[in-house]
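Written out below as structure tokens is the structure these notes cover.
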Amino acid sequence: MARGGGHLRRGYRLEHRCGEEEFFGTDLADPGRVADLLTGCARQADGWDAGAQWEPVDLGPRAEVPELPGEVREKVEEVVRLRLRCGYDSRKALAEIAEDYLADGDERPVSRAQAVRLVDRLWTERLAEQDGWEGVTDPERLSLAFGALEETGITARENFTCCHGCGMAEIGAERDGARGFVFFHRQVTEHATGGHGLSLHYGGFDASEETTTAVGHEVVAALGAAGLSTVWDGDPGKAIEVAPLTWRKRLVG
């Protein structure tokens with residue numbers, strides 16, 4: 001994870017994490033070079049950090065973080081691993097999920113420090129796993145298709161809200177002049193991580209069957225152009241199924 005610090009008198013401060021425990025920093029004068037390093041880190045490009053003079057960052061003494069009881073750790077790990085497979089949550093969001101998952105009123109079995117340490121460990125494991133992935137992944141193809149749809153006037157949202165009902169209620173706020181929409185929600189994402197394909201919900205903002213059907217055809221065409229297969233019989237009342245699908249969404253950061 002790389003982060004840009006404040007604008008120094010003569011340049012910029014950039015720091016990044018190496019593994020779970022080590023941080024390194026460098027001072028740079030060229031904003032273009034800073035942008036290149038941040039982009040390279042975000043994309044996990046090979047050798048992204050080459051050429052800069054990195055020095056260890058002294059974080060000072062660290063407070064001891066007690067180990068979680070086995071049963072608590074296993075339950076929290078299960079939900080964090082699922083959200084890691086989905087691939088849309090930041091470290092910060094995952095730490096909040098881990099901290100709050102078993103909370104019950106004032107009883108909080110997982111402290112903030114314990115949550116951060118657990119997420120850091122599982123995040124690093126997931127990064128190591130994705131190092132073995134080659135080529136363009138299906139979630140990346142999906143993002144390409146959604147980006148293309150945005151350019152043609154269709155609001156396209158990934159992992160949008162928690163469920164179908166909330167998605168349909170909130171998609172109108174994302175319209176911004178678009179004539180139609182397509183989205184999948186978090187429950188669908190979780191379903192896809194298990195190898196079950198992806199259900200896309202779509203429609204026209206004028207609520208007509210004609211526009212909804214036209215949007216459906218455009219969605220299918222965009223997915224096909226991106227290299228994904230779909231199952232849809234043209235019925236505007238049915239979701240578009242993206243299958244087969246291998247859900248390997250790369251973490252960024």
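The values are calculated or read from the model by the stated rules, or taken from the named source; none is laboratory data. None of the values given here were measured: they were computed from a predicted structure. FYI the Cβ positions are ideal-geometry reconstructions off the backbone, even for glycines, and counts take in every protein chain you see.
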Wholly inside region 49-161, helices (runs of 4 or more DSSP H) that include 3 or more residues that are over 30 Å from A173 (Cβ atoms) are 70-86, 112-130
Quiz item: Within region 121-132, is even one residue in contact (Cβ under 8 Å) with a residue 24 or more places away in the chain, closer than 26 Å to L14 by Cα, in contact with a strand residue (DSSP E or B) (Cβ under 8 Å, 6 or more places away or on another chain) and not polar (S, T, N, Q)?
Solution: no
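Count, please, the residues in region 30-44 that happen to be loosely packed, with under 12 Cβ neighbours inside 10 Å and either modelled with pLDDT under 80 or part of a strand (DSSP E or B) (or both). Break it down stepwise before answering.
Just the residues of region 30-44 that are loosely packed, with under 12 Cβ neighbours inside 10 Å, to begin with: 30, 32, 43.
Still in the list and also either modelled with pLDDT under 80 or part of a strand (DSSP E or B) (or both): 43.
Number satisfying all stated conditions: 1.
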Picked from region 161-180 (must be over 22 Å from the mean Cα position of the chain (by Cα) and among the hydrophobic types (A, V, I, L, M, F, W, C)), the residue nearest to S199 (Cα to Cα) is A169
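Just for region 81-115: of the residues that are within 16 Å of the chain's Cα centre (by Cα) and of a type in the set (D, E, K, R), which one is farthest from R250 (Cα to Cα)?
Within region 81-115, the match that is farthest from R250 (Cα to Cα) is E96.
Quick check: is even one residue across region 222-232 without any contact (Cβ under 8 Å) to a residue 60 or more places away in the chain, outside the structural domain of L84 (by TED's automatic domain parsing), surrounded by 21 or more Cβ atoms within 10 Å (Cβ to Cβ) and within 22 Å of D138 (Cβ to Cβ)?
Let us first name the residues in region 222-232 that are without any contact (Cβ under 8 Å) to a residue 60 or more places away in the chain, namely 224, 229-232.
Imposing the further condition that a residue be outside the structural domain of L84 (by TED's automatic domain parsing) reduces the set to 224, 229-232.
So of that shortlist, the ones also surrounded by 21 or more Cβ atoms within 10 Å (Cβ to Cβ) come out as none.
No, that holds for no residue.
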